[in-house]
Amino acid sequence: LNRSAVPWTEAAFFSYLRHGHSPWHAAAGGPMAQIVRQLGDVPDEVLRDMAAYLASLNPVSSTIDPATSQRLAQEAVREAALHAPLPDAAQRQFQGSCGACHHDGEGAPLLGVNTPLALNSQVRAATPDNLIRTILEGLQHPPTREVGFMPAFKDSLTDAQIADIVRYTRARYAPQAQPWGDVGKRIELLRKK
């Protein structure tokens, strides 16, 4: 269904729909956060049926067990760290703006769950749009309390600073993926929406 490092399984979909995140995927944001909040009163059985349906759309998901998911997640995080770009101004911008909360999972989560960015499908996507929107808008209304809050950076960072963060995030956490083209133009367009 997406470019996630770990295939989505029925259990992962259920966790995402019930708790707003999956241990091997990103937290729900944007419109999905609102959907997860609205699903809060839906019985588990109904969410399990929804999760089973979503998983059925990806034939690989039925062959993945939790141990395999954990191994794939660890490999993705390790691979991203192994190919990390050399320190530069973009890395310093990321560390200063994002690094306290977004790291490879070590340490206590400051504001909510801390799924390593190497597992985040936004970072692996064909376009940077969802990542840019998340940086611009933050996560003002998390899907559940455990997910936590993320500040919006649209008023505190310049387009150039956001572009540095986006490019660094892609290079650092999805080193196998091609760099995105014209990130600055995408930021400019998304700011207008």
ASP41 vs. criteria at negative phi, free of Cβ contacts under 8 Å to residues at least 24 places away in the same chain and among the charged types (D, E, K, R): yes
Verdict on THR115 being loosely packed, with under 13 Cβ neighbours inside 10 Å, at pLDDT below 90 and not small (Gly, Ala, Ser): no
Residue tally, condition modelled with pLDDT of 90 or more and surrounded by fewer than 24 Cβ atoms within 10 Å (Cβ to Cβ), over the range 18-27: 2
Test: residue in the range 138-149 that is without any contact (Cβ under 8 Å) to a residue 40 or more places away in the chain, buried (at least 19 other Cβ atoms within 10 Å of the Cβ) and on the phi < 0 side of the Ramachandran plot: no
Members of the range 43-61 that are open to solvent by less than 60 Å² (accessible area, probe 1.4 Å) and farther than 21 Å from ARG3 by Cβ: LEU47, ALA52
Residues of the range 115-164 satisfying the condition of being within 12 Å of the chain's Cα centre (by Cα), outside any helix (DSSP H, G or I) and among the hydroxyl-bearing types (Ser, Thr, Tyr): THR115
Test: residue in the range 161-177 that is open to solvent by 30 Å² or more (accessible area, probe 1.4 Å) and without any contact (Cβ under 8 Å) to a residue 40 or more places away in the chain: no
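The values are calculated or read from the model by the stated rules, or taken from the named source; none is laboratory data. Just so it is clear, the structure is predicted and the values come from calculations on it, not from any experiment. Using ideal geometry, Cβ is built from the backbone for each residue, glycine included, and neighbour counts are taken over all protein chains shown. Accessible surface areas use protein heavy atoms only, side chains included; no ligands, DNA or RNA. Shrake-Rupley method; radii C 1.70, N 1.55, O 1.52, S 1.80 Å.
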